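Just so it is clear, none of the values below were taken in a lab; they were calculated from the coordinates. Not measured: the values here are computed from a predicted model. Ideal geometry is used to build each Cβ from the backbone, glycine not excepted, and the neighbour counts take in all protein chains shown.
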Amino acid sequence: MCSSDLKTKIVILLDHSSSIASDQLEYKKATLALCEVLSYLKIKFAVYAFSTQARSVVCWLIKPDNMKWNNVCAKRLAQISANGSTPLAEVYDKMHPIMQAKRPDIFLTLTDGEPSDPTAVRSMLKSLKSMGIKMVALGLGPNTMRATMITNNLRHLGYERTLAVSRLNDIPKKVLNVLGEV
């Protein structure tokens with residue numbers, strides 16, 4: 001697969017809820033590796049992250065799609081601390097206007113948990129998919145069994161593609177496999 005084959009625009013959303021706190025360094029390293037690979041392949045991508053603070057959703061723009069991946073982006077990622085729950089529907093709702101304006105080909109969510117409101121997530125997924133955005137989720141788990149369980153739960157929410165990852169180092173390879181299918 002050469003970079004000219006991949007004229008794909010991607011938005012990556014990173015779950016930084018408290019459940020990833022114990023693995024957040026490895027999670028961030030894997031995300032850095034993924035961003036380095038996408039940058040090397042000259043794929044246009046943006047990176048966002050979310051957590052909750054005082055029961056409010058906080059979204060960060062780590063890398064805008066029109067900027068090259070660089071140390072500033074890496075530092076932004078490093079500064080985010082894992083906190084709170086997984087209000088995925090609220091996060092998608094906050095990002096909806098951005099998705100409407102940017103119209104990425106793929107919206108990739110990396111998460112290790114169950115969203116707070118599965119019904120609302122289903123509704124938001126339908127709305128985003130109706131814009132022609134391919135919704136992909138990567139379920140992160142501490143072992144293969146847990147990763148598979150998380151991924152099965154994500155599949156039931158209505159993502160077009162779900163992947164399970166128990167070794168964080170596998171994230172870049174799994175994402176590139178998805179890109180090869182687009």
Report summary line: Net charge (Lys, Arg +1; Asp, Glu -1) of residues whose beta-carbon lies under 11 Å from that of F50, F50 excluded, is -1
Query - Spatial extent of the stretch 96-182: Rg and Dmax, with the Cα atoms as the point set, Å - result: 12.9, 38
Query raised in the report: When the chain is fully extended, how far beyond the present Cα-Cα distance does A78 get from K42, taking 0.36 nm per residue of separation?
Result: 10.7 nm
Query raised in the report: Farthest toward the dipole's positive end in the stretch 1-148, which of T119, V58, A74, given Cβ charges of +1 (Lys, Arg) and -1 (Asp, Glu) about the Cα centre?
Result: A74
Requested in this report: Please report the relative contact order for the chain, taking Cα pairs under 8 Å with a sequence separation of at least 6, and give it as a percent rounded to a whole number.
Outcome: 23 percent
Query raised in the report: Can you pull the Kirkwood radius for the stretch 1-79, inverse mean 1/r over Cα pairs, to one decimal in Å?
Result: 13.3 Å
Requested in this report: Over all alpha-carbon pairs of the stretch 45-120, lay out the pair-distance distribution in 10 Å bins, whole %, shortest bin first.
Outcome: 17, 49, 31, 3
Query raised in the report: If one computes the Cα centroid of the stretch 132-172 and of the stretch 78-129, what distance in Å separates the two points?
Result: 14 Å
Query raised in the report: How many times 2.2 N^0.38 Å is the alpha carbon radius of gyration of the stretch 42-87?
Result: 1.27
Report task. Would you please state the base-10 log of I(q)/I(0) at q = 0.10 1/Å for the chain, with intensities from the Debye formula using one equal scatterer on every alpha carbon? Result -> -0.34
